[in-house]
């Protein structure tokens, strides 16, 4: 190649690369006049990459197949009220500069609102989503309305930006709902919202008003006990959430460490304490202790702490345990106490001459077995002068009864002193 040719090629090469890498200009079809298909029945809609400068009206329209309104711009009011989308409805990367009305719409298949900008109010009041609804990466800059809206399957609001007030009042979510990675500087109102699936509020940043889930419900008002729904708060500011733990329980990402989960438990416990939610605090504290025991592999200690006194929240359990211990050892001593009283530990005035063959004497034998057990169980000390050490297994048995009694007496005293 000649030198001048090489020089010219070297100059043009960067320009060629820049031209190849530059994104192609999206060609938009401009519609200057009002667009209306009000009340019509259409096979499908394909208005991809259109700019509508005036009023857009698809109210009361039925579309049997797919609807493609992606990469569109609506400069006038976009009215889809009472429309029925039988196929997939795609509004991806569309801009609504004025009011977007989706009141009482029915979406039979997947609804795709991906990367949509609602620069004015977006109103989905009374809408009915039969399939998954995806509002991923959307911007809701003014008020957003989802009043009385029903989602039969997964509702996805991940990575969205809610600047204005968002109303979910009286809406029903039959499946899971996710706000993972969303920005919520505006007020989120969940008054009387019904959650029948789990909630994902993980990775939430820039929360404006505190998100109050105590005004929401996790049931349809039928059945008891009330179901609890999982809520994921991983990497979110726990103090910005207000919830009733009798209706929710914590779930974590699989990658969450023991230390991180412990911090979440402790933060939420502080929330409940500051808000005065004693029942929620108790439920979460029990769950946290169970989590700690299980992490350390102390399953027996967890069982004991739970059943002995319900992690310290049911100190009256001690009276049940006293009854069970006394009844159990009385039953054993019904067979053993004559031998024990003679060969191991002597309790004065306890008679042992009631053989089994004299059935009329059995109530007396049971009575003395109870007396023998009670003397050992409720004594503050063992009289060593009454103890015979030849039968080591008998001595061990006596001290087991005695020590269990001491433990029960200590817990009884604790119960009385804290009353």
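The values are calculated or read from the model by the stated rules, or taken from the named source; none is laboratory data. Keep in mind that this is a model prediction, so the values were computed, not measured. Cβ atoms come from the backbone with ideal geometry, glycine included; neighbour counts cover every protein chain shown.
For this structure, a couple of remarks:
- Candidate set: segment 188-211, residues that are at negative phi and surrounded by fewer than 17 Cβ atoms within 10 Å (Cβ to Cβ); chosen: the one modelled with the lowest pLDDT: 205
- Segment 241-289, subset assigned to a loop (DSSP other than H, G, I, E, B) and touching a residue at least 24 places away in the same chain (Cβ under 8 Å), residue farthest from residue 314 (Cα to Cα): 253
- Checked against (1) surrounded by 11 or more Cβ atoms within 10 Å (Cβ to Cβ); (2) within 46 Å of the chain's Cα centre (by Cα); (3) modelled with pLDDT under 95, residue 26 meets all criteria but (1).
- Residues (within 14 Å of residue 90 (Cα to Cα) and either free of Cβ contacts under 8 Å to residues at least 24 places away in the same chain or not assigned by TED's automatic domain parsing to the domain that holds residue 109 (or both)) located in segment 37-63: 46, 49, 50
- Yes/no for residue 34 being surrounded by fewer than 16 Cβ atoms within 10 Å (Cβ to Cβ), assigned by TED's automatic domain parsing to the domain that holds residue 123, at pLDDT below 95 and farther than 20 Å from residue 114 by Cα: yes
- Residue match in segment 114-136 (condition: part of a strand (DSSP E or B), under 20 Å from residue 232 (Cα atoms) and either in contact (Cβ under 8 Å) with a residue 24 or more places away in the chain or outside the structural domain of residue 203 (by TED's automatic domain parsing) (or both)): yes
- Filter result for the condition that a residue is over 14 Å from residue 280 (Cβ atoms) and part of a strand (DSSP E or B), over 230, 197: 230
- Residue within segment 365-375 that is part of a helix (DSSP H, G or I) and without any contact (Cβ under 8 Å) to a residue 24 or more places away in the chain present: yes
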